[in-house]
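Below is one structure, written out as structure tokens; the observations come after it.
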Amino acid sequence: PSGDVFLVSMEGGTPQKIVENGCCATWSPDGDFLFYRSRGEGIITDLRTGEKSVVPSSKDIYAFWLDQDTLIAANEKGTSFVTFNRRTQKWTDLTPVPPGGIEHWMMSPDYKYMYLSTAGAEPAAMRLRIADHQFETITSLKDLHRVVNYGETQINVTPDGSPVFTRDTGYQEIYALNIRWP
């Protein structure tokens, strides 16, 4: 799904349109760059200058920032992670993924880990330690009735680094919802 990507000041004000038909926007850690997909290609916008550049060989990729110069993504087959260096404009293989392939992934808030779910006969929740490219199995997902969106099991990460999945209980009702509005 695509929509328009806007930039809004933390103090409020008029939203500034960055692009039409964009999705999956992610900030660089220093807040100077925005990576997003538009019409199937990866784009980086320098928010200081407004300059936009297409990321080479980025058709249909989803990427997260590792640092202000480096993006991480799964390769097109979901069998390894690759990194893109903004300065050199080159992709590099990072590490192959354990059996089952990459189903979905999410960067940790501290940028130290890439959390992922794998598919196959033995699906698992794993994390990749960026510093040394080592995988750690967190838990098996074999008996967890997971919600599947767009053909994948979505994984998210809490601020403390805990992985989050949505469990499918077979019901579509919300029994209780407590909201505290500011």
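The values are calculated or read from the model by the stated rules, or taken from the named source; none is laboratory data. Computed from a predicted structure; not experimentally measured. Neighbour counts are summed over all protein chains in view; Cβ atoms, including those assigned to glycine, are modelled from backbone coordinates with ideal geometry. Only protein heavy atoms, including side chains, enter the accessible area calculation; ligands, DNA and RNA are left aside. Shrake-Rupley method; radii C 1.70, N 1.55, O 1.52, S 1.80 Å.
Key figures for this structure:
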quantity: Condition met for residue 87 (of a type in the set (D, E, K, R) and open to solvent by 70 Å² or more (accessible area, probe 1.4 Å)); calculated: yes
quantity: Some residue of the range 37-54 being in contact (Cβ under 8 Å) with a residue 40 or more places away in the chain, outside any strand (DSSP E or B) and surrounded by 14 or more Cβ atoms within 10 Å (Cβ to Cβ); calculated: yes
quantity: Which numbered condition residue 163 fails, given (1) open to solvent by less than 70 Å² (accessible area, probe 1.4 Å); (2) within 17 Å of residue 103 (Cα to Cα); (3) modelled with pLDDT under 80; calculated: (3)
